[in-house]
Structures are given as structure tokens and as C-alpha cells.
1. Within 10 Å of each residue's Cβ, count the other Cβ atoms and sort Thr120, Thr126, Thr75, Thr153 from fewest upward.
2. Find the relative contact order for region 35-109 and round it to a whole percent, using C-alpha pairs within less than 8 Å whose residues are 6+ positions apart.
3. What residues qualify as long-range amide H neighbours of Arg60, i.e. H under 5 Å apart, gap of 5 or more or another chain, H built at 1.01 Å from N?
4. May I ask you to derive the FRET efficiency for Cys58 and Asp25 from their Cβ-Cβ distance with R0 = 25 Å, giving the value to the nearest 0.05?
5. Given H placed 1.01 Å from N in the peptide plane, which residues other than close sequence neighbours of Arg73 have an amide H under 5 Å from its amide H?
6. Near the amide H of Tyr87, under 5 Å away, which other amide H atoms are found, from residues 5 or more places off or on another chain, if H is placed in the peptide plane?
7. Using the Cα centre of region 1-91 as origin and beta-carbon charges of +1 (Lys, Arg) and -1 (Asp, Glu), tell me which of Ser9, Val91, His38 is placed farthest towards the positive end of the dipole.
8. Could you calculate the contour length gain from Arg122 to Leu50, that is, 0.36 nm times the residue separation minus the distance between their Cα atoms, to one decimal place in nm?
Amino acid sequence: MCHALLSDSTLWKLLSRFDEDLAADVRERGCRCGGALHSASYPRKPRGALSDPGPEYCRRLSLCCARDGCRKRSTPPSVRFLGRRVYLGAVVVLASALREGITARRAEDLRSLLGVGLRTLRRWRTWWRGAFLESGLWKGVRGRFLPPLDVDTLPASLLERFSGDDRTRLIQALALISPLTTAAGTSAMVVLDPQRMHLVPGSCDS
Ligand SMILES: [Zn+2]
């Protein structure tokens, strides 16, 4: 699952479209001061993709108020980037979801395949079972999973709970955690419309 998805260039395109939609929503709402939001993306050098994700992955979409005296930044949720991590969100989810745990052999595979070191992997696992569980986002959404998710096997238990093929389940998981990529992420909950989630793969042909 890991290798096939991370080589799938249509996945990168889909995720970019989601990020553009999320940014468009934020731009439409405008700044809290009433000012218009202009593009002010952050440069990124994403790691972990096994096929070229395209030039649009060199920037993390962000917006900035155009009004003098405000200039407040509004960073939309992202299904591509997970906070400030250099690895793509998809890599963080898939590498952390390996059921077998971190054996020496598997760690070596991940290092040669994705360039992810053992310490990074352990840090991600610690994050899933610690900071993630403490987040306002998780506390807001955990009740939607019945029976409750097995938090000891996150994010594998999360991926398993969604329906559809591997790619759809990955996108749903990325959408669920996407608010964590914003400054307000710990207190705000933004979940992509599930209806739209199903429609998007079909719109990828153009
Ligand atoms: Zn403003």
C-alpha cells in the first residue's frame, strides 16, 4: 500500500486540488478584519514522494490580509503538508501505519525507500499516541468512531475505519487531520465534505 500510493502521481494531483479548494474557502471568507486575503505561500521542499509530485508541492498555500495595519496570515488546512514536517502528510500517515511495528529490517527498508530514519519514525509514532490524542481536533472527532478507534494502533486503525480503496481511505485520513496543519488546528475542526471526497477521484482525468 505504502509504495504504490507514494508513487501514484494522480494522488499528488488530487491532494493539490483539495488544498486549492481549502485555500479558496479561506480566501472567500476573507480576513476577520474584513480585509481581502492575498496569496502568501510558504516555500517547501517536500520529502518522501516516490514519484515527482509536481512544482505545486514547492509551496504550502497560505494567505495574508491585504489591509494595512492588519496583514494577518491565514493558513488553510492542508491534506498535503502536516504542519512543518518536511515529509509529506501521506508519508507520515502511511509509514506510521505499518502494522508490524518498527523492526530493524523494516526501518532499513523505509530508510532506503523514503529516506525516513528510525528516530523520525519513532517521533511520528510518539506524536500519534501523544500530541495527536491530546489535540482538540481528536477530542472533537473521536466520538464519531463507533466502536471507538484503537488508539494504540493509530493511524492504522484510522485508515481501516474508512471505506473505499487504499487511496480514498488515505485521503479521508489526511482530510480528517488537516486542521492540525493550521495555527487554529488544536481548537478548530474542519472536515472535508464526504460527498465531495467520493467525487474528487473522478474529476482527476483532465
Ligand atoms: Zn485583516
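A short reminder: the numbers here are calculations on the coordinates, not readings from a lab. Bear in mind the structure is a predicted one, so any value in this text is a computation, not a measurement. Cβ: placed from backbone, ideal geometry, glycine included. Neighbour counts: every protein chain shown.
1. Values: Thr120 19, Thr126 12, Thr75 22, Thr153 16.
Ordered by Cβ neighbours within 10 Å, fewest first: Thr126, Thr153, Thr120, Thr75.
2. On the way: 85 pairs, mean separation 20.8, N = 75.
Result for region 35-109 is 28 percent.
3. Here Tyr42, Arg44 satisfy the definition.
4. Working: r = 22 Å, r/R0 = 0.89.
Plugging the Cβ-Cβ distance into 1/(1 + (r/R0)^6) gives 0.65.
5. Here Cys65 satisfy the definition.
6. HN-HN under 5 Å from Tyr87: Arg47.
7. His38
8. Working: separation 72, 0.36 × 72 = 25.92 nm, distance 2.13 nm.
Result for the pair: 23.8 nm of gain on full extension.
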